[in-house]
Amino acid sequence: MRLAVDPRDGRVRLTLPPRASLKKGLAWAEEQHAWIATQQARLPETLPLIPGARFPFAGREIEIESVPTKPRTPKLDQDRLICGGPREGLERRVERWLRGEALRVLSAETAEYAERAGVSVSRVSIGDPRGRWGSCASSGAIRYSWRLILAPDYVRRATVAHEVAHRIHMNHSPAFHRLVETLYEADPTPARHWLRRNGSALHWVGRGDAAA
């Protein structure tokens, strides 16, 4: 039996071997409450998108400023995100803006790398997957996590180069990794390491309360 606390949402997962007793497994998990509490205490802090909040954006930190007399659509002014309209729904408007920026930037960078690789991409879309930062289908459609817009530019661009390279190599062979490095024009290893160290914290941006 194995217990794990997901760093992306704080949920506790119990894995049982085949034919194991669920009742005994749950009882064992109950006995591990101290360990679970310790692991959950180490989780990243929630970062709600409320007035005054500072959050990462493309390698820098920006602050949400609520100005009710300004237009509802948020507007970036240096290191401030000016958000107009009523306080109600502000969080949704900020996340919608972030998703729009992510799609805009990731679409442009995907087109850039696709042209460099001499391949076509049928569609670029975004979502909020739990396990992947990007995926490339055999149809040529590429899908990214919108949270990449929160990461530094070099991390996001390395992820784009990775997915575009899958348009030629649908595997992770040495040839694939050489192509990623060629497209990216640098070693993508630091970007992968950054996501391993910091990626889970990006999943807590826009969340108001820690998972139970």
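How high is the FRET efficiency from T73 to A4, r the C-beta distance, R0 30 Å, rounded to 0.05? Provide the component values of the computation, followed by the final result.
Working: r = 40 Å, r/R0 = 1.34.
The value I calculate is 0.15.
Tally Lys and Arg at +1 and Asp and Glu at -1 over the other residues with C-beta under 9 Å from the C-beta of D128: what net charge comes out?
+3
Net charge around V5, counting only other residues with Cβ within less than 11 Å of its Cβ (Lys, Arg = +1; Asp, Glu = -1)?
+2
Counting only heavy atoms of protein chains, what accessible area per residue, in Å², does the range 46-164 have with a probe of 1.4 Å?
It amounts to 48 Å² per residue over the range 46-164.
Does the range 29-124 come out rounded, prolate or oblate by the C-alpha gyration tensor, with a ≥ b ≥ c the root eigenvalues, rounded set by a/c under 1.5 and, if not, prolate when a/b is larger than b/c and oblate if not?
Because a/c hits 1.5 or more and a/b fails to exceed b/c, the range 29-124 counts as oblate.
With charges set only on the Cβ (+1 for Lys and Arg, -1 for Asp and Glu), what does the dipole of the range 50-144 come to about its Cα centre, in debye to the nearest 20?
On the way: 17 positive and 13 negative charges, 60 e Å.
About 280 debye.
Sorted by average packing, counted as other Cβ atoms within 10 angstrom per residue and highest first, what order do 136-142, 95-101 take?
In decreasing order of mean packing, 136-142, 95-101 become 95-101, 136-142.
Quick one: pull the percent of accessible area on the range 52-118 belonging to carbon and sulfur, 1.4 Å probe, ligands and nucleic acids left out.
Carbon and sulfur atoms account for 49 percent of the accessible area of the range 52-118.
Using the alpha-carbon centroid of each, what span in Å lies between the range 3-50 and the range 51-101?
33
Along the Cα-to-C-beta direction of R197, a point sits 7 Å from the Cα; which residues of the range 122-142 have their amide N less than 17 Å from that point?
Counting backbone N atoms under 17 Å from the label point, the list is empty.
With a ≥ b ≥ c taken as the square roots of the eigenvalues of the C-alpha gyration tensor of the range 150-204, please select rounded if a/c is under 1.5 and otherwise prolate if a/b is larger than b/c or oblate if it is not?
Prolate.
Give the accessible area for Y113 in Å² (nearest 10); use a 1.4 Å probe, count only protein heavy atoms, and leave out ligands, DNA and RNA.
0
Determine the shape class of the chain: with a ≥ b ≥ c the square roots of the Cα gyration tensor eigenvalues, call it rounded for a/c under 1.5, and otherwise prolate if a/b is greater than b/c, oblate otherwise.
Taking the square roots of the gyration eigenvalues as a ≥ b ≥ c, the chain is oblate.
The values are calculated or read from the model by the stated rules, or taken from the named source; none is laboratory data. Please read these numbers as outputs of a predicted model, since none were measured by experiment. Ideal geometry is used to build each Cβ from the backbone, glycine not excepted, and the neighbour counts take in all protein chains shown. Areas reflect the complete protein model, heavy atoms only, side chains present, ligands, DNA and RNA absent. Shrake-Rupley method; radii C 1.70, N 1.55, O 1.52, S 1.80 Å.
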